[in-house]
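Below: one structure, written as structure tokens.
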Amino acid sequence: MALLTDLLNLDLSGSTDKIIAEYIWIGGSGMDLRSKARTLPGPVTDPSKLPKWNYDGSSTGQAPGEDSEVILYPQAIFKDPFRKGNNILVMCDCYTPAGEPIPTNKRHNAAKIFSNPDVAKEEPWYGIEQEYTLLQKDINWPLGWPVGGFPGPQGPYYCGIGADKSFGRDIVDSHYKACMFAGVNISGINGEVMPGQWEFQVGPTVGISAGDQVWVARYILERITEIAGVVVTFDPKPIPGDWNGAGAHTNYSTESMRNDGGFKVIVDAVEKLKLKHKEHIAAYGEGNERRLTGKHETADINTLSWGVANRGASVRVGRETEQNGKGYFEDRRPASNMDPYVVTSMIAETTILWKP
């Protein structure tokens, strides 16, 4: 008799040309990921060749019951690390039957910004540092923490090793490899300052691809934690008090910044960000005021500060960038629960298109 694991790992390639496509979309909260699968007659590598699909938007908080149909438009394809073979993950965005983007579809506006010729010419690169916290499933308390209690103070956990300092490495490494398999340009992982908290980095990615890849990396992480019986939270301050919060630091450069004389372009861009600080903060994630306090490697939420190699600033410029006179900067304000479509396109719009 076959075991369940045998059936889960069945290789279909010898018995059919058909593949399974897992369509992924963002639900009504703006952070909840949803997905469902369909069979296709054969392998597909171009999202424009995939059929549109629909779902019941009244069950995701995205449409009324009397007119509940929401249409999925396939936008990006990744290899499926769970089913393997020619099976795929498909990142979609969401539209009404009339073809209008629904209010929670933030990709549509981002794609418009990134397709602007002035933005495309600058080829904006992003590297996003996605922090997250692993929680024990039934008690919503960080992995490795004593039930109802606290571990020793912060210090030994950042990039730490050992059973008393590192909690959940099997999940983190599984996620790392699964993202590489899928085609996500994941560039690294590390344990964070608070025990049970981790980070992965996606990038460099160009334009709209940054958002697609971060969302699919989040999806893969949630699927892996589902298997492991652990909960992942992207809350920017999961534990109040003297514990680090969780962010999504966004590293950014344009062609002009990467070329000779780029340091001045970076300074000018930061000055633009300073003038639009409130608008950016409002779009950089919910609950960020609990994180951006001026403590725990953050700047105060009310003002934009910047400095070279300063992790207590809103925007950090690397020492190497200063020395080379060109490079990139890091916007440290986005919360871990930010929408990467919103943040990446907003930075591009402010720094490239906006003329104060």
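The values are calculated or read from the model by the stated rules, or taken from the named source; none is laboratory data. Small disclaimer: the values here were computed from a predicted structure and weren't measured. Just so you know, the surface numbers come from the protein's heavy atoms only, side chains and all, with ligands and any DNA or RNA stripped out. Shrake-Rupley method; radii C 1.70, N 1.55, O 1.52, S 1.80 Å.
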Rel. contact order, % - alpha carbon contacts under 8 angstrom, at least six apart, the chain: 16 percent
At a 1.4 Å probe radius, carbon and sulfur cover how many percent of the accessible area of the chain? 53 percent
Please give the calculated 222 nm ellipticity per residue for the chain, where each DSSP H segment of at least 4 residues contributes -39500 (n - 2.57) and the sum is spread over every residue; nearest 500 deg cm²/dmol? -7500 deg cm²/dmol
What one gets for segment 117-353 as the Kirkwood radius, inverse of mean 1/r over different Cα pairs in Å, is 18.2 Å
Cross-link partners among lysines for Lys274, C-alpha distance below 27 Å, same-chain residues fewer than 8 apart left out? Lys106, Lys112, Lys121, Lys237, Lys264, Lys295, Lys326, Lys355
On a C-alpha basis, how far is the centre of segment 174-246 from the centre of segment 39-67 in Å? Whole number, if you could? 25 Å
Restricting to Cα pairs below 8 Å that are 6+ residues apart, what does the relative contact order work out to for segment 4-103? Please round to a whole percent. 27 percent
What do you reckon, how do Phe181, Phe78 stack up by accessible area (1.4 Å probe), largest on top? Phe181, Phe78
Heavy-atom surface of the chain, accessible at 1.4 Å and reported per residue (Å²): 46 Å²
Cα centroid separation, segment 258-279 to segment 71-150 (Å): 27 Å
Treating segment 157-295 as a set of equal point scatterers at the Cα positions, no solvent, please give the Debye-formula log₁₀ I(q)/I(0) at q = 0.12, 0.16, 0.21 Å⁻¹. -0.62, -1.04, -1.38
